[in-house]
Amino acid sequence: MRGRRLRLGLYADEQGLAWVQALVEDAVGTRSARIVNGTVAHTADDSLDFLAEQWTVEHPDQSPGSRQPVQLEVHLGCSLRTWRAIRKAVLAALCPEGSAPHTCRVPWTVG
C-alpha cells in the first residue's frame, strides 16, 4: 500500500466539516484502506473565496454563519485503485448526480 492524499477545499462551519469528515471515513471504511492522518487548515489566502461566493448565490436568504474556507487533507494508505474508488464515493456524496440545478450542503472543490 502506498500513501495517497485526498485534498478538499470547503466552505464550512464545524458541523459541515464534521459531515464531510464522516463522508470520508465512511468511504474509507467500506474499502481496504486506512486513514493515516488528516489535517484541517484555515486558509489565509483568497484561493477558496469562490466557495463563499457560491454559498451566497445558492443560499441568498441565509447567513453564512461561522462558515469559512478550509482545506481538508486526508492521507490514506491504499492502492491507486482504492484511492480512486474512495475519491469517487466522496465526490458523489458531496454532490448528487444529475443535471438538475441543486445546492451544495457544503460548497467544495478538489485540490
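FYI, it's all coordinate maths here, none of it is from the lab. Because the structure is predicted, anything quoted here is derived from the model rather than measured. Neighbour counts are summed over all protein chains in view; Cβ atoms, including those assigned to glycine, are modelled from backbone coordinates with ideal geometry.
So the values come out like this:
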item	result
Selected residue (only one of ALA85, ALA52, ALA92 is surrounded by 12 or more Cβ atoms within 10 Å (Cβ to Cβ), in a helix (DSSP H, G or I) and touching a Phe, Trp or Tyr at 6+ places or on another chain (Cβ under 9 Å))	ALA52
Any hit, the stretch 69-79, residues being touching a residue at least 40 places away in the same chain (Cβ under 8 Å), surrounded by fewer than 14 Cβ atoms within 10 Å (Cβ to Cβ) and either in a loop (DSSP other than H, G, I, E, B) or among the hydroxyl-bearing types (Ser, Thr, Tyr) (or both)	no
SER66 of a type outside the set (Phe, Trp, Tyr), over 14 Å from LEU10 (Cα atoms) and surrounded by fewer than 17 Cβ atoms within 10 Å (Cβ to Cβ)	no
Candidates GLU25, GLU58, GLU73, GLU14 - the one that is in contact with a Gly (Cβ under 7 Å, 6 or more places away or on another chain) and either farther than 18 Å from THR109 by Cβ or charged (D, E, K, R) (or both)	GLU73
Test result for VAL20, in contact (Cβ under 8 Å) with a residue 40 or more places away in the chain, over 16 Å from CYS104 (Cβ atoms) and within 17 Å of the chain's Cα centre (by Cα)	no
